[in-house]
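Written below as structure tokens is the structure these notes are about.
Read the figures in this text as sums done on the coordinates, not as results from a lab. As the structure is a prediction and not an experimental result, all values here were calculated from the model. Positions of Cβ are generated from backbone atoms using ideal geometry, with glycine treated the same way; all protein chains shown enter the neighbour counts.
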Amino acid sequence: MSHRRLLSLYPSFEVFRSIGTNRCRRSFRLRNQISLPLVEAGSLRLLAVAASRRLPTLPDMPTIAETLPGFEAVAWYAIMAPPNTPKNITARINADVNEALRQPELQERLRKLSAETYGGSIERTAKYLQEEVERWGNVIKAADVKLQ
């Protein structure tokens with residue numbers, strides 16, 4: 001039996017194709033918008049979520065951090081602009097995105113995907129990005145990962 005059948009770290013679409021053919025029995029990485037309907041239908045069993053706290057859409061699902069304190073590996077999205085974009089333009093885009101994120105229809109749609117919205121300032125996003133670069137950089141160094 002290959003390691004691929006035991007645990008998949010491949011893109012979600014391949015994981016789901018593999019689950020259907022019994023080539024993959026476990027996966028670390030699944031997308032909520034794809035996996036939640038399968039969980040609800042009983043076709044897929046989740047063991048834990050990688051967020052730092054339980055998801056509102058899966059309140060009974062434990063987090064990995066409940067077993068491995070400090071663990072968090074979540075997808076996040078940000079809207080970026082080239083470095084020399086005028087501040088008045090980035091401020092306008094930021095204001096418009098924050099306004100969109102406040103819309104109940106968008107919040108509900110994202111909630112159904114287990115996506116949390118934060119919005120906020122350009123500075124807050126830049127700080128979070130820097131923290132993520134440092135955090136994952138430390139993981140890469142500790143694991144002695146080399147570019148190939």
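Before moving on, here are some points about what is shown:
- When you filter the trypsin sites (Lys or Arg not before Pro) in the stretch 30-95 for DSSP loop state and at most 13 other Cβ atoms inside 10 Å of their Cβ, you are left with 45, 53.
- Were the residues from residue 95 through residue 38 laid out at 0.36 nm apart, the gain over their Cα-Cα distance would be 16.9 nm.
- Cα gyration tensor, the stretch 87-142 - rounded (a/c under 1.5), prolate or oblate: oblate
- Computed extension length for residue 131-residue 108: 5.4 nm, one decimal, from 0.36 nm per residue of separation with the Cα-Cα distance subtracted.
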